[in-house]
1. Does Asp250 count as of a type outside the set (Ser, Thr, Tyr), modelled with pLDDT of 95 or more and either crowded, with 21+ Cβ neighbours inside 10 Å or within 21 Å of Ile174 (Cα to Cα) (or both)?
2. Being at pLDDT 95 or above and either over 29 Å from the mean Cα position of the chain (by Cα) or assigned to a strand (DSSP E or B) (or both): is that true of Ala232 here?
3. Tell me which residues, restricted to the range 126-147, are touching a residue at least 60 places away in the same chain (Cβ under 8 Å) and either within 23 Å of the chain's Cα centre (by Cα) or surrounded by fewer than 22 Cβ atoms within 10 Å (Cβ to Cβ) (or both).
4. So, Ile174, is that one at pLDDT 95 or above and under 23 Å from the mean Cα position of the chain (by Cα) or not?
5. Residues in the range 97-106 that are surrounded by 18 or more Cβ atoms within 10 Å (Cβ to Cβ) and in contact with an Asp or Glu (Cβ under 9 Å, 6 or more places away or on another chain): how many?
6. Quick test for you: out of Arg152, Arg128, Arg113, Arg90, pick the one residue that is of a type in the set (Lys, Arg), in the same structural domain as Asp75 (by TED's automatic domain parsing), under 30 Å from Val217 (Cα atoms) and at pLDDT 95 or above.
7. For the list (1) touching a residue at least 12 places away in the same chain (Cβ under 8 Å); (2) closer than 17 Å to Ala11 by Cβ, I need the number of the one condition that Ala39 fails.
8. Restrict the check to the range 107-118 and report whether at least one residue is part of a helix (DSSP H, G or I), crowded, with 18+ Cβ neighbours inside 10 Å and out of contact with any helix residue (DSSP H, G or I) (no Cβ under 7 Å at 6 or more places or on another chain).
Amino acid sequence: MRFGPVPLDAAEGAVMAHSLQLEGQRLRKGRVLSAEDVAAMAAAGLDEVIVARLDEGDIGEDAAAGRIAQAMVPDPDAAHLRMTAAKTGRVNLYATMPGVLALDVAAIEAANRVDPMVTVATLPPFARCVEKTMTATVKIISYGVAEPAVARAAELIAGAMRLRPVVLKTATLIQTDIGGGPGKGEKPMRARLEALGMDLVGVETVPHRTAPLSEAVAAADGDLVLILTASATSDPGDVGPEAVRAAGGDVTRFGMPVDPGNLLFLGHQGRRPVIGLPGCARSPALNGADWVLERVACGLDVSDADIAAMGVGGLLKESPARPHPREKR
């Protein structure tokens, strides 16, 4: 692509590089100049204009953006995404339902290395989305780009993004009590579930002992069991994890490198996932439990390696209600 000023008699068919206000008319950048446009500029006393001219083999910005976006999400409906028409070299993608964003990070990074004029920006991997959340934008910076670069970027980014929708429908919240009541966990947890399109179908409070908690886990109706203990779970053998085991389940992970959220535990009771919530889940503020809850709700297997990888970026904003702050105020 060639860019720069040209005499008006060479401007027809070129792309307007900068918007221009004429008497009674505005020529916007990106416009392909017609003979009438050139005549209007001449009548205004101009003798040259800054334009972009595509070389043979170049692809215009809209066509290039559309081709790369279509390669990244070849079937938007199946990927639970909506794709806009290309405009000013840009295509945006939006979620059509609640879920988490699944990305092939290496593929997107590789596509972004092909040519600086070809750019793909996305939300982070596993970002929680709701309907109409913008998940990505494909932008061609210049007015055109060489076809081989577009072809290579499209090849590298093929199928690199989709939304993993929420598959669990219901959850049961079991809270324990050590004499002061269950605390204020129900309202923020209900809000979290509603944001995912899930229903909180049962809330139960039991004494902070293994046997009654185990019975409540076994009897829970939800597709997901959430446990919020009155006293923080401080060991893999504490009341919460032991209750899951006593209910015939297993605990696959205790603790996570996310703060707030360190004291989470994760397991299963039969085929049903169980999340032992950290105390910070009583606050609506983002914490490590949100990241685990969102993936589990979308049917993703959250492994030890997955939770270990959450440490980078896992130092979150501290809740003002935290009983033991990181630093004394």
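The values are calculated or read from the model by the stated rules, or taken from the named source; none is laboratory data. On a predicted model such as this, the values are computed, not experimentally measured, just so you know. Quick reminder, even Gly has a Cβ in these numbers, built from the backbone with ideal geometry, and neighbours come from all protein chains shown.
1. Working: of a type outside the set (Ser, Thr, Tyr): yes; modelled with pLDDT of 95 or more: yes; either crowded, with 21+ Cβ neighbours inside 10 Å or within 21 Å of Ile174 (Cα to Cα) (or both): yes.
Yes: the conditions hold for Asp250.
2. No; evaluated as a whole, the condition is false for this residue.
3. First pass over the range 126-147, keeping only residues touching a residue at least 60 places away in the same chain (Cβ under 8 Å): 126, 128, 130, 136, 138-140, 142-147.
Correct list: Phe126, Arg128, Val130, Ala136, Val138, Lys139, Ile140, Ser142, Ala146, Glu147.
4. no
5. Total meeting the criteria: 3.
6. Working: Arg152 fails: under 30 Å from Val217 (Cα atoms); Arg113 fails: under 30 Å from Val217 (Cα atoms); Arg90 fails: under 30 Å from Val217 (Cα atoms).
Within the list Arg152, Arg128, Arg113, Arg90, the selection yields Arg128.
7. (1)
8. Start the filter on the range 107-118 by keeping residues that are part of a helix (DSSP H, G or I), which leaves 107-112.
Now restrict to residues that are crowded, with 18+ Cβ neighbours inside 10 Å: 107-108, 111.
With the extra rule that they be out of contact with any helix residue (DSSP H, G or I) (no Cβ under 7 Å at 6 or more places or on another chain), the set shrinks to 108.
Taking every residue of the range 107-118 in turn, at least one turns out to be part of a helix (DSSP H, G or I), crowded, with 18+ Cβ neighbours inside 10 Å and out of contact with any helix residue (DSSP H, G or I) (no Cβ under 7 Å at 6 or more places or on another chain).
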